[in-house]
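Before any comments, here is the structure.
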Amino acid sequence: MTWRFSSALGAGRRAKLEVSPPFDVIAQRVVDEMEILCTHTDPCAEAAGFTRIVSCIRVDEELFDLFFNSESGYRGGYFVSPEEGRAANSLLLSVAAELLAHFKSHPDMTSMHAEQSLRASSAKCWLAEVGKGFCSSCVGKWTVPQDCTPEILNGRWELGSDPASRSGRKAPFLNQLRILGAFVSETGEEYVARRKRTRAQQIHEHGWS
């Protein structure tokens, strides 16, 4: 087995993670069971005229665990290859986009524009990190770990020396996900922030971006 978990996770949690369903089942569950907490528009700091929609959702901790930490989950796809990760990401966004785009009206972004942002190739999902929220509903809970103890054992992420590996080898047990649309213009052009242009490769190598 190429994907194992530290005993620190506990036998019950490990048992559920080790029999995770295919990603399409996990992704559909996320959309079916999610509570949309908020959505916000976010203008691009690097390119004028480009804006994205950012949503924060809440799911059950055990579903979060399957989604974010299991071998068949979101990061598990990136572990296989950047292409597999992007395919998993695209699948999730394709089933979530319409609900998120129409959750709330924004004066500076139509629902159609918001859905376009969520369906664009650089839209993405991640856990909700502290310091990256827009309101009290999406402040996030994840912070950089204070130790290097691995919780996911897959022969790559726990061995990495890159700073991102410090987080990548962890298996957070949380309940908030942040879904970030792509930066798009009113004419449909897409802009990818410079530091995120190698995101898929970063997650593949380190488990984190």
Restricted to pairs 8 or more residues apart or on different chains, the lysines in the chain with C-alpha atoms under 15 Å apart form a number of pairs equal to 4
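Residues with beta-carbon under 11 Å from that of residue 4, excluding residue 4: net charge, scoring Lys, Arg +1 and Asp, Glu -1?
With Lys, Arg at +1 and Asp, Glu at -1, the neighbours total -3.
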Just to verify a number: FRET efficiency for residue 173 and residue 46, C-beta to C-beta distance, R0 = 41 Å, to 0.05?
0.75
Excluding ligands, DNA and RNA, the carbon-plus-sulfur percentage of the accessible area of segment 19-176 with a 1.4 Å probe reads 53
May I have the extent of the alpha carbons of the chain along their three principal axes, as whole Å values ordered from largest to smallest?
49, 33, 30
Net charge near residue 117 (other residues with Cβ under 15 Å of its Cβ; Lys, Arg +1; Asp, Glu -1) is -1
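Between residue 130 and residue 62, what is the FRET efficiency for a Förster distance of 30 Å, r being their Cβ-Cβ separation, to the nearest 0.05? Before the final figure, lay out the partial values.
Numbers: r = 22 Å, r/R0 = 0.74.
The pair residue 130/residue 62 has a calculated efficiency of 0.85.
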Total charge of the residues flanking residue 152 in space, meaning their Cβ is under 13 Å from its Cβ, with Lys and Arg +1 and Asp and Glu -1, is +3
Average accessible area per residue (Å²) across segment 1-112 - probe 1.4 Å, nucleic acids and ligands excluded
47
Zone of residue 24's modelled label, taken as backbone nitrogen in segment 55-97 under 13 Å from a point 7 Å along Cα→Cβ:
88, 91-92, 95
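The values are calculated or read from the model by the stated rules, or taken from the named source; none is laboratory data. Just so it is clear, the model here is predicted, and its values are computed rather than measured. Backbone-built Cβ (ideal geometry, glycine too); neighbour counts: all protein chains shown. Areas reflect the complete protein model, heavy atoms only, side chains present, ligands, DNA and RNA absent. Shrake-Rupley method; radii C 1.70, N 1.55, O 1.52, S 1.80 Å.
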